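Shown next, in structure tokens, is the structure this report addresses.
The values are calculated or read from the model by the stated rules, or taken from the named source; none is laboratory data. Nothing here was measured: the structure is a model prediction, and the numbers come from that model. Here the Cβ positions follow ideal geometry from the backbone for every residue, glycine too, while neighbour counts run over all protein chains shown.
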Amino acid sequence: MPPTAKPKPKKSTAKSKPAKPLPKEFPPSSNPLNAETIFLPKVSLGNLVRQYKPTQTVQQIVTTTRKRLRSQGKFLRISHNPANPHTLLYGFDGAILAYRISSGSEHRNTILSEAVKVLPQPKNSEYRGIDRGKYTVRHYCIWSPYNKTPFVSAQFKADGESAEDFMRQTTSIWETMSDNLKCLFPAIYREFTKYPLPEGLSRMADAFSGIVVNMHTNEGPVETEPHRDVKERKFGMSCLSPFGEYEGGHLVLWELETVIELAPGDQLFFRDSLINHSNESVTDGVRNSVVAFTQQSMFDYWRRQNGRGVDQQQQRLNRIKKRQKAERKEKRKTKNKGKK
């Protein structure tokens, strides 16, 4: 008997879904210093805020796929542009997500490198937060975690004169960061400086309530593991400045799928409470860093003292959410009417 012919496979009639168009691009919300602008079409501040959780989300964000893309060099890498010391990253809603200011000289790096020599070298295990790497962390700040009123951080008290000496030597660093914050993000600057502290306390880093010093140890340089600084102000900006003599160690912003190269003394304003970040490996030398910040706990205190008007940005976000919800509801009504 002749062999029976195999039936031909049926062609699939299912149509592949067209790729969703990227959202409409809005220009940067502000660019007073004519920075080089870099548009990130898949990210927006609004989405980052809506996705915010007060707990770590590393596993959901730093996925196997993203790790592979980074290892393959497919993350956007932002190198220094000698023609323009300012670099601005913004999302499709026009909001600024990060802003880099190149140092332009050794001055800031020298100040920090000399000042850090006065600090003690305790073990990283003294800090009760998550383990972010093999380096020493010192918090010198006014904050109010788990407390109704703000207080001076325990590490600042414990380090005594050496902590005070470090802050005095680096005063110009915090003043420069605050001046830049005022120029680039005036609304955040006003929010950070508007409300007073209890009697006897003052902000330790000009406009910022304090700083964290990340220092290398014999175990290795400052290379942070992926994390968000979830206790920082959700709508604010923190300012990072690496220092030392090193190669590598550039900053990875995971939600943005971007690597920003930072030289010693550079300043980077970014939304560290919303964006998971880490460092590439330091290939040579010694890398340290400082970060100026204001914690959300301070705004919780001010809200208790001054009423709900303190959180104007949260109220504005709630209004946007309410309007978007109404628009979606109206679209569903229109769509259902068309089907009848």
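Annotations
- Test: residue in segment 75-91 that is of a type outside the set (Ser, Thr, Tyr), out of contact with any strand residue (DSSP E or B) (no Cβ under 7 Å at 6 or more places or on another chain) and modelled with pLDDT of 90 or more: no
- Counting the residues of segment 52-87 that are polar (S, T, N, Q), free of Cβ contacts under 8 Å to residues at least 40 places away in the same chain and part of a loop (DSSP other than H, G, I, E, B) gives 2.
- Subset of segment 258-297 (residues that are part of a strand (DSSP E or B), over 11 Å from the mean Cα position of the chain (by Cα) and either closer than 21 Å to Gly104 by Cα or acidic (Asp, Glu) (or both)): Val259, Ile260, Gln267, Asp284, Gly285, Val286, Arg287, Asn288, Ser289, Val290, Ala292
- Conditions (1) modelled with pLDDT under 95; (2) buried (at least 18 other Cβ atoms within 10 Å of the Cβ); (3) touching a His at 6+ places or on another chain (Cβ under 8 Å); number of the one not met by Gln56: (2)
- Any hit, segment 154-167, residues being among the hydroxyl-bearing types (Ser, Thr, Tyr) and in a helix (DSSP H, G or I): yes
- Some residue of segment 59-74 being small (Gly, Ala, Ser) and surrounded by 15 or more Cβ atoms within 10 Å (Cβ to Cβ): no
- Residues in segment 32-51 that are within 16 Å of Trp254 (Cα to Cα) and surrounded by fewer than 15 Cβ atoms within 10 Å (Cβ to Cβ): Pro41, Lys42, Gln51.
- Residue within segment 233-246 that is surrounded by fewer than 21 Cβ atoms within 10 Å (Cβ to Cβ), free of Cβ contacts under 8 Å to residues at least 60 places away in the same chain, of a type in the set (Phe, Trp, Tyr) and more than 20 Å from Glu114 (Cβ to Cβ) present: no
- Scanning segment 96-121 for residues that are crowded, with 19+ Cβ neighbours inside 10 Å and out of contact with any strand residue (DSSP E or B) (no Cβ under 8 Å at 6 or more places or on another chain) yields a single hit, Ala115.
- Qualifying residue in segment 314-321 (condition: part of a helix (DSSP H, G or I), of a type in the set (S, T, N, Q) and at pLDDT 80 or above): no
- Positions within segment 216-243 being assigned to a strand (DSSP E or B) and in contact with a helix residue (DSSP H, G or I) (Cβ under 6 Å, 6 or more places away or on another chain), in sequence order: Cys239, Phe243
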